[in-house]
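Beneath this line is the structure, given in structure tokens, with notes to follow.
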Amino acid sequence: MYDFNFVSRAKELVAEYTNHHIDKTDSVSVKPEEVYIVWFTKTLQNAKVLLSTNLPDGMYYEVTYNGDKEEYYLDAYKKFSNGRYSK
């Protein structure tokens, strides 16, 4: 699988998921080209990408491609906090 095809499909999945789960009263939708990559890796026939959108909902998404089974997996996460800690 080419990296471009995987990333394009991952962006489509995130846009579809977001549009399906977003509050309809917000009157917004996300296009695949509005989904951005945070991190990407590919090892042999497998790939993983972390993505997000510009929506202020605190969501980020992990899309994994299993090359052995030719399957995609989508995990959706909500960021609750971001803190700085020291010793």
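Is at least one residue of region 56-65 part of a loop (DSSP other than H, G, I, E, B), at pLDDT 95 or above, within 15 Å of the chain's Cα centre (by Cα) and surrounded by 10 or more Cβ atoms within 10 Å (Cβ to Cβ)? Within region 56-65 (the criterion being part of a loop (DSSP other than H, G, I, E, B), at pLDDT 95 or above, within 15 Å of the chain's Cα centre (by Cα) and surrounded by 10 or more Cβ atoms within 10 Å (Cβ to Cβ)), the answer is no, since none of the residues qualifies. Collect the residues in region 21-40 that are exposed (fewer than 15 other Cβ atoms within 10 Å of the Cβ) and modelled with pLDDT under 95, keeping them in residue-number order. Once the filter is applied, which keeps residues that are exposed (fewer than 15 other Cβ atoms within 10 Å of the Cβ) and modelled with pLDDT under 95, region 21-40 yields HIS21, ASP23, LYS24, THR25, ASP26, SER27, VAL28, SER29. Exactly one residue among TYR73, TYR85 is hydroxyl-bearing (Ser, Thr, Tyr) and touching a strand residue (DSSP E or B) at 6+ places or on another chain (Cβ under 7 Å), and that residue is TYR73. Listed by first and then second residue, the pairs with beta-carbon distance under 7 Å, at least 6 apart or on different chains, first residue in region 39-54 and closer than 13 Å to TYR77 by Cα, second of a type in the set (Asp, Glu) and outside any strand (DSSP E or B), are THR53/GLU34.
The values are calculated or read from the model by the stated rules, or taken from the named source; none is laboratory data. All values reported here derive from a predicted model rather than from experimental measurement. Because the Cβ atoms are built from the backbone with ideal geometry, glycine has one as well, and the counts that use them run over all protein chains shown.
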